[in-house]
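The values are calculated or read from the model by the stated rules, or taken from the named source; none is laboratory data. Keep in mind it's a predicted model, so treat the numbers as computed, not measured. Counting neighbours? That spans all protein chains shown, and the Cβs are built from the backbone with ideal geometry, glycine included.
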Amino acid sequence: SLSEDIVYKVKEQTKKLAKALNVKGLMNVQFAVKNDEIYIIEVNPRASRTVPFVSKSIGYPLAKIASKIIIGKKLKEIVPEVFNIKETHPASDFWDKNVKMYSIKEVVFPWNRFPEVDPLLGPEMKSTGEAMGIDKDFGLAFWKAQAATGLLLPESGNVFISVADKDKPAVLEIAKKLKSLGFIILATKGTFKFLTENNVEAQLVSKLSEERPNIVDKIRNGEVQLIINTPSGKRERSDAYYIRRAAVEHKVPYFTTIRGAYAAAVAIQCYKEKGIDVKPIQEIFGGKN
């Protein structure tokens, strides 16, 4: 989703940081991009658990390469060995190659081990593992990443949608896409009113604080296959806690951001239209180590 200009600037800033810090080996940089402005959050002269993910994404053993650099070898000496070639090429010819594959990292959380903990994300590191999905198609890569964490995105059924007012315009496209794929839309009062006013058929469902059967009852009864919820306000957060807990306990895919929900809708569409094609990673990258 990033423009070529932003990607170029990120690469250039990374090179400048590495040279200024005199890093030999691996370096972990965290960037944030907002309104085409690039911000550097932190720089660590060390490896991270992202290294094996990136290695699998591009097909090159970065830890092996970095280890050789650390003990004094030059990158131009390593290139023929790593890439199994005899002639000399600039290293940038290989690092900048376009693999034309989407690699999506999904986190694994321990929510099911702690029944009273609110499965809500914040700035703390709460994940206990990671999974990965690779495919030429973004939707299928996202579907694989979700499946690898144990959550299979549904092909049909009921989708519960309840979003904050600021997210209502953006959720409209998602609801239309899911409706076109044959899903039934369930929504609480505010979202239900917005969807129906914009020609998206939906069924009204009660909040936890309203009459029963409510949305949590429906989740527990197996009547909800997908949840899209961006809570706002104290009452909604209280309701959302029980929705989140019910989703975890009954393994219902749950998305709290519009971007995540849209990715899920695209993944479901791709899966229904194309199915899943699984290949060994060695085959994807031509048998490289």
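Out of Tyr271, Tyr242, which single residue is of a type outside the set (Asp, Glu) and either more than 30 Å from Ile134 (Cα to Cα) or in contact with a strand residue (DSSP E or B) (Cβ under 6 Å, 6 or more places away or on another chain) (or both)? Quick ask: steps written out before the conclusion?
Numbers: Tyr271 fails: either more than 30 Å from Ile134 (Cα to Cα) or in contact with a strand residue (DSSP E or B) (Cβ under 6 Å, 6 or more places away or on another chain) (or both).
Going through Tyr271, Tyr242 in turn, just one is of a type outside the set (Asp, Glu) and either more than 30 Å from Ile134 (Cα to Cα) or in contact with a strand residue (DSSP E or B) (Cβ under 6 Å, 6 or more places away or on another chain) (or both): Tyr242.
Among the residues that make up segment 26-33, is at least one of them within 22 Å of the chain's Cα centre (by Cα), closer than 27 Å to Ala263 by Cβ and outside any strand (DSSP E or B)? Steps first, answer last, please.
Initially, segment 26-33 is screened for residues within 22 Å of the chain's Cα centre (by Cα), giving 28-33.
Now drop any that are not closer than 27 Å to Ala263 by Cβ, which leaves 28-33.
Going one step further and asking which of them are outside any strand (DSSP E or B), we end up with none.
No, the conditions are met nowhere in segment 26-33.
Return the residue satisfying two criteria in turn: it lies in segment 110-135 and is of a type outside the set (A, V, I, L, M, F, W, C) and modelled with pLDDT of 90 or more, and of such residues it is farthest from Tyr242 (Cα to Cα). Steps first, answer last, please.
Filtering segment 110-135 for residues of a type outside the set (A, V, I, L, M, F, W, C) gives 110, 112-113, 115-116, 118-119, 122-124, 126-130, 133, 135.
Then drop every residue that is not modelled with pLDDT of 90 or more, which leaves 133, 135.
Working: Gly133: 30, Asp135: 35 Å.
The selected residue is Asp135.
I'm told Ser48 meets every condition in (1) outside any helix (DSSP H, G or I); (2) out of contact with any Ser or Thr (no Cβ under 7 Å at 6 or more places or on another chain); (3) within 29 Å of Thr128 (Cβ to Cβ); (4) at pLDDT 90 or above except one. Can you identify the failing condition by its number?
If we test Ser48 against (1) outside any helix (DSSP H, G or I); (2) out of contact with any Ser or Thr (no Cβ under 7 Å at 6 or more places or on another chain); (3) within 29 Å of Thr128 (Cβ to Cβ); (4) at pLDDT 90 or above, just (4) comes out false.
Among the residues that make up segment 202-225, is at least one of them within 20 Å of Ala267 (Cα to Cα) and of a type in the set (A, V, I, L, M, F, W, C)?
Residues of segment 202-225 within 20 Å of Ala267 (Cα to Cα): 224-225.
Now narrow it down to the ones that are of a type in the set (A, V, I, L, M, F, W, C): 224.
Yes, segment 202-225 has at least one match.
Would you point out the residue of segment 23-63, among those that are touching a residue at least 60 places away in the same chain (Cβ under 8 Å) and charged (D, E, K, R), that is surrounded by the most Cβ atoms within 10 Å (Cβ to Cβ)?
Looking at residues that are touching a residue at least 60 places away in the same chain (Cβ under 8 Å) and charged (D, E, K, R), I get Lys56.
Run down Val107, Val99 and say which single residue is under 30 Å from Gln282 (Cα atoms), at pLDDT 80 or above, surrounded by fewer than 17 Cβ atoms within 10 Å (Cβ to Cβ) and touching a Gly at 6+ places or on another chain (Cβ under 9 Å). Outline the logic, then answer.
Working: Val99 fails: at pLDDT 80 or above.
Being under 30 Å from Gln282 (Cα atoms), at pLDDT 80 or above, surrounded by fewer than 17 Cβ atoms within 10 Å (Cβ to Cβ) and touching a Gly at 6+ places or on another chain (Cβ under 9 Å) holds for just one of Val107, Val99, which is Val107.
Could you tell me which numbered condition Ala20 fails, if it satisfies all but one of (1) touching a residue at least 12 places away in the same chain (Cβ under 8 Å); (2) exposed (fewer than 11 other Cβ atoms within 10 Å of the Cβ)?
(1)
Give, as residue ranges, the helices (runs of 4 or more DSSP H) completely inside segment 170-289 that count at least 2 residues that are surrounded by 15 or more Cβ atoms within 10 Å (Cβ to Cβ) and modelled with pLDDT of 85 or more.
On the way: elements: 189-197, 215-220, 234-249, 258-274, 281-284.
The qualifying helices (runs of 4 or more DSSP H) are 189-197, 215-220, 234-249, 258-274.
Restricting attention to segment 142-167, which residues are in contact with a Gly (Cβ under 7 Å, 6 or more places away or on another chain), in contact (Cβ under 8 Å) with a residue 60 or more places away in the chain and among the small types (Gly, Ala, Ser)?
Within segment 142-167, just Ser156 meets the criteria.
Within the set of pairs 6+ apart or on separate chains, which have a first residue in segment 168-188 that is touching a residue at least 12 places away in the same chain (Cβ under 8 Å), a second that is among the aromatic types (Phe, Trp, Tyr), and C-beta atoms under 6 Å apart?
These pairs meet every condition: Lys168/Phe194; Ile174/Tyr262; Leu186/Phe160.
Quick check on Glu42: is it at pLDDT 90 or above, of a type in the set (Asp, Glu), assigned to a strand (DSSP E or B) and in the same structural domain as Phe255 (by TED's automatic domain parsing)? Show your work before the answer.
Details: at pLDDT 90 or above: yes; of a type in the set (Asp, Glu): yes; assigned to a strand (DSSP E or B): yes; in the same structural domain as Phe255 (by TED's automatic domain parsing): no.
It is false that Glu42 is at pLDDT 90 or above, of a type in the set (Asp, Glu), assigned to a strand (DSSP E or B) and in the same structural domain as Phe255 (by TED's automatic domain parsing).
Is it the case that some residue within segment 188-205 is more than 24 Å from Val108 (Cα to Cα), of a type outside the set (D, E, K, R) and under 24 Å from the mean Cα position of the chain (by Cα)? First the steps, then the outcome.
Narrowing segment 188-205 to residues more than 24 Å from Val108 (Cα to Cα): 188-205.
Narrowing the set further to residues that are of a type outside the set (D, E, K, R) leaves 188, 190-192, 194-196, 198-200, 202-205.
Next, from what is left, pick out any that are under 24 Å from the mean Cα position of the chain (by Cα): none.
For segment 188-205, residues more than 24 Å from Val108 (Cα to Cα), of a type outside the set (D, E, K, R) and under 24 Å from the mean Cα position of the chain (by Cα): absent.
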